[in-house]
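Participant: Provided herewith is a single structure, encoded as structure tokens, for subsequent inquiry.
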Amino acid sequence: MTTEQKEFSVELTSENNTLKSINYKGILFDLIIYITVMFAIREIYFPKVGFILNGLFWSFSTLVIATWRMKVRKISWNDLGLHRPKDIRKTLLVSIGILITTVICILAFNIVKDQLPFLKEPETYSKNSVSKFGALKDNWLLFFAIMPMVLIESTLEELLDRGFLMNWFEKLFSKTSLATILAVVLQAAIFGFRHSYDLSVRSITVGLIGLVMGIGYVCFGRNLWPLIIAHCILNTMSMIDRV
């Protein structure tokens, strides 16, 4: 047996052992708990503190659940991609690439959305999307006051949706050849639906963002930092557009 054959044999054996060691019932249990809490916690809303703080409350609550289940499985956030990038320049270039791809996908969808009769677009969507952040129009003081919270929320979404949820779906379907594809699509669908509980322009737009981020996560070494940077820039651009 050649050296290459031995190395392939070792890799194959390691992969098979990994598949055998996955506790599928445990992974399914984790997902049920996580998704249930993720949607249930959003029914709790504190009107006096505003939309952004409520959003952080929802995200930190699910972060606690995700971290708990990861600890049970002996997996760290570092394992999921929250480790220091080896090449900062490459990380920034990848972030820019993901950002540009995301913007192109959103623009392309906006071109064809009016041709999709099944889309639901609430009449009050535009008004509500502005008011939930407060009176942002020409209010740069408010903008700079809330941006740190917006950036924290953007980071948490990448940790939870691409870091935890996507990896857990991939583990659940790891016996299939489509595990990664299913994981990318499912996390994107949940990401979109969570932002708008219907089939609307908003839910599909957010779902497209999740889809691009998920593909970027898989294609660029499963490091979360390029996604976090791209997501933060994207949300910053969106907030600037509201001022």
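Only the coordinates and a few stated rules stand behind these numbers; no lab work does. Small disclaimer: the values here were computed from a predicted structure and weren't measured. Heads up, the Cβs are rebuilt from the backbone with ideal geometry, glycines too, and the neighbour counts pull from every protein chain shown.
Participant: Considering the chain as a Gaussian network with a 10 Å cut-off on Cα pairs, which listed residue, 87, 79, 198, attains the greatest mean-square fluctuation?
Facilitator: Comparing 87, 79, 198 in a Gaussian network model of the chain, the most mobile one is 87.
Participant: Continuing with the same structure: Cα gyration tensor of the stretch 40-101, axes a ≥ b ≥ c as square roots of the eigenvalues: rounded (a/c below 1.5), prolate (a/b > b/c) or oblate?
Facilitator: oblate
Participant: Give the residue list of chymotrypsin sites (Phe, Trp or Tyr not before Pro) in the stretch 17-80 that are DSSP loop and have at most 16 other beta-carbon atoms within 10 angstrom.
Facilitator: For chymotrypsin sites (Phe, Trp or Tyr not before Pro) across the stretch 17-80 that sit outside H, G, I, E and B with at most 16 neighbouring Cβ atoms in 10 Å, the list reads 45, 77.
Participant: How far apart, in nanometres, would the label points at residue 53 and residue 89 be if each is projected 7 angstrom from Cα along the Cα-to-Cβ direction?
Facilitator: 4.5
Participant: Additional query: For residue 63, put the label point 7 Å out on the Cα→Cβ axis and report which residues of the stretch 154-173 keep their amide N under 11 Å from it.
Facilitator: Correct set: 154-160.
Participant: With angles folded into 0 to 90 degrees, how steeply does helix 179-195 sit against the dominant principal axis of the chain? Use alpha carbons for both and round to 10.
Facilitator: 20
Participant: For the chain, take the longest principal axis of its alpha carbons; what is the angle in degrees between that and the long axis of helix 224-242, to the nearest 10 within 0 to 90?
Facilitator: For 224-242 against the chain, the angle is about 10 degrees.
Participant: Give me the net charge of residue 28's neighbourhood, meaning all other residues with Cβ under 15 Å from the Cβ of residue 28; Lys, Arg count +1, Asp, Glu -1.
Facilitator: Cβ neighbours under 15 Å give a net charge of +3.
Participant: For residue 28 and residue 189, compute 0.36 nm times the residue count separating them, minus their Cα-Cα distance, and round to one decimal in nm.
Facilitator: The residue 28-residue 189 span can extend by a further 56.2 nm.
Participant: I've got another one for you. So how do 183-191, 168-176 stack up, highest first, on mean other-Cβ count within 10 Å?
Facilitator: In descending order of packing, they fall as 183-191, 168-176.
Participant: Would you mind checking the stretch 55-95 for residues with the amide N under 17 Å from a putative spin-label position 7 Å along Cα→C-beta of residue 239?
Facilitator: 55-60
Participant: Obtain the radius of gyration and the Kirkwood radius of the chain from its C-alpha atoms and give Rg over Rh.
Facilitator: Rounded to two decimals, Rg/Rh equals 1.00.
Participant: Once a ≥ b ≥ c are taken as the square roots of the eigenvalues of the Cα gyration tensor of the stretch 121-231, is the result rounded (a/c under 1.5), prolate (a/b larger than b/c) or oblate (a/b not larger than b/c)?
Facilitator: oblate
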